[in-house]
1. Skipping prolines and chain starts, which residues have an amide H placed within reach, meaning under 5 Å, of the one on TYR366, given they are 5 or more residues away or on another chain?
2. Mean residue ellipticity at 222 nm from the helices of the chain, using -39,500 (n - 2.57) per DSSP H segment of n ≥ 4 over the full residue count, to the nearest 500 deg cm²/dmol?
3. I'd like the projected area of the stretch 59-98, averaged over all directions, using the convex hull of its alpha carbons. Report it in nm² with one decimal.
4. Could you check how many percent of all C-alpha pairs in the stretch 443-494 are farther apart than 19 Å?
5. Given the options LEU15, GLY410, MET347, identify the residue whose Cα lies farthest towards the positive end of the charge dipole of the chain (+1 on Cβ of Lys, Arg; -1 on Cβ of Asp, Glu).
6. Using θ = phi - 60° and the Karplus relation 6.51 cos²θ - 1.76 cosθ + 1.60, list the HN-Hα couplings for the stretch 588-601 in order, rounded to whole Hz, with x at every Gly or Pro.
7. Across the stretch 545-555, in residue order, what do the Karplus-derived ³J(HN,Hα) couplings come to in whole Hz, using 6.51 cos²θ - 1.76 cosθ + 1.60 with θ = phi - 60° and x for Gly and Pro?
8. Using the Kirkwood radius over C-alpha pairs as Rh, can you work out the diffusion coefficient of the stretch 259-327 via Stokes-Einstein at 25 °C, viscosity 0.890 mPa s, in µm² per second?
Amino acid sequence: MPSTFAGLNIAYTGLVASNSSLNTTANNIANIETKGYSRQQVNQTAATAMRAFQGYGCIGAGVDTLGAERIRDKYYDTKYWSNSSKLGEYEKKSYYAKMIENYLMDQKGTNEIKGFRTIYSEYDAAMESLSGNTGEINYALQFIGKSENLCEYFNILYNNFQKIQTDINDEIKIKVDAINNAAQEIASLNSQINTIEVGGLNKANDLRDKRDLVIDNLSKIIDVEVCETPVLDPSSGKETGINTYTVRIAGGQGLVDGYQYRQLECVPRTYWQSLNQNDATGLYDVSWTDTHEDIGMFAKNVKGELKGLFEMRDGNNEEAFNGTVTKVDARNNQVTVEVTDDFLTDMSKITIPLTNGKIKIAGVDYCYDSWEYQKGTDGNGYYTFNITDDAVRNPKPLDTSLEGQHSGIGEKINYQGIPYYLEQMNEWVRDYSSAFNNIYGVDRATDYYNESKAAGEIFFTGNNDNNNLIEGKQFRLTKALDSETYKSTDDTYIQLTAGNFNVDNEEVNDPRKMSTHTIDTSGVSNYNIINELKELSVNTDKMQFRGCTASEFLVCIMGDSALNTNSADSFVNIYSNIEETIENSRYSVSGVDADEEAANMIKFQNAYNLASKMISVLNECYDRLITQTGV
């Protein structure tokens, strides 16, 4: 037979359940604007019934309040994290692609911005004026000034692009630090959650929300995979309430495993670890602190802001040095590599470091001092690298087993990032300078003093900031661009970049030394060298850039930039719309709705009042039974 006071206890459990639900509703309302908060509800179940030992069986014992639990759907979380990393990648690409467009802009009108088209037009007009007034030195002086403006344009553009690369590099460091902080915080939250939930009686709802919010933010930086596995009691096989929570990033690499976490480090490249002739100094390689292995940001399954930053910083349109080792001379520390790609046999396109570079052979890095190039009779190119004789830089010696192995410098990255644009600038500068100088330095060229110059004189050159290798403040460019042999330390066109592009000081200091005609030319207005130079702008037989004329450089580069910007913006719009859809679905499950909570408040208030009324009624019954019933 049930206890005389069973009804009072049943009413009490209802009062507790209603009170808990009201408190939970209050908590939901209080956190209605809290980012990452998941709506909570009280879980309750009918209490174990009491046996009445009579014909009607069992009597209900009230309600058991099991505790508050958050409402969350893991499916939407996983979808959100996957989409967030893709969105983050293209947002970064879009941001920096627009910055590149701004630097390339050529705009006339009120807010005039002088770009290549305007500056080259002025340069071309000055050459046209010179061709008709070759007897007057002022026109030569004007042309030299416009030539210097053209060089300065490339100098500034080159430096601005390197500044973008440096800014991206700094942002990579910030993102890596954010990943490290997230890993440490997740491991700490794992410990706190398991401490509360051990035994399976309680749920650490707020801590779990906080952990999921960390994952939300982390997924924007890099792709994440999350797995939570219950820990079983080895003796009984039952769940202990403790879970092992693991986080993997960058295509499945472990970041957090329960209470343990790994860290990443940014290692700046030293001057002897360069991978690209045009790279800014001190670019970071990101690796794991425990294994020192590179994180592998260029794998296809890696996503996130960090991936976008790396591709924008290092993207070379897959034009990276690669070839096969054909010969190893261990005695002289030399390695010869055969290459077949057109961009590696055309010296105007060359981007590998001329000195103090790093080549990877069969998975091992070897630092080199310099290299030599020879074009073979088979049409392929052969690079011989002089490997540094330094056990610190090259701890593994060369041996003949490397013959036939693949070698490369840097990664082949299928994106047009900063290195790609810098290479395009260098290619135009080298091709144009070579074509101009070939005409300008023709045999028996004559200046305003009617003095004949030796063949090979140059007008366009580059400022030499590496005087320890080549003497002189400017390069003399002693070998033709289409030569079949090259040394990386020689004074040749491969030394020329958009960053050091300039006019020869001899003409700048004295415009009368500018060559305008050959010694056989008669007549003041018949200056054949200038007339030939004028054709460089329109005649693709004399000079072409990507199949276009020299003057159409900006059209080609702006086309690349516009395509990259439009592509990034399109993906941003796509993934933003997907994120909004997922976020709405997520909110419909986990979000706090003001109207719903208001209805719950009234519902649980009524339940609380009814439970209270039941206790009041039972109290009157017990009072009559105890105080007013006598024997």
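Every read-out reported here was derived from the displayed coordinates using simple, explicitly stated rules and does not represent laboratory data. Since the model is a prediction, treat every value here as computed from it, not as a measurement. A quick note on method: Cβ atoms are made from the backbone with ideal geometry, for glycine too, and the neighbour counts reach across all protein chains shown.
1. ILE359, LYS360, ILE361
2. Numbers: 12 runs with 272 residues, N = 631.
About -15000 deg cm²/dmol.
3. Computed as one quarter of the Cα hull surface, the answer is 4.6 nm².
4. Pairs farther apart than 19 Å: 38 percent.
5. Ranked along the dipole, the leading option is LEU15.
6. 4, 8, 9, x, 8, 9, 4, 5, 5, 5, 5, 5, 4, 4
7. 10, 6, x, 10, 6, 4, 6, 9, 3, 5, 4
8. The Stokes-Einstein estimate is 173 µm²/s.
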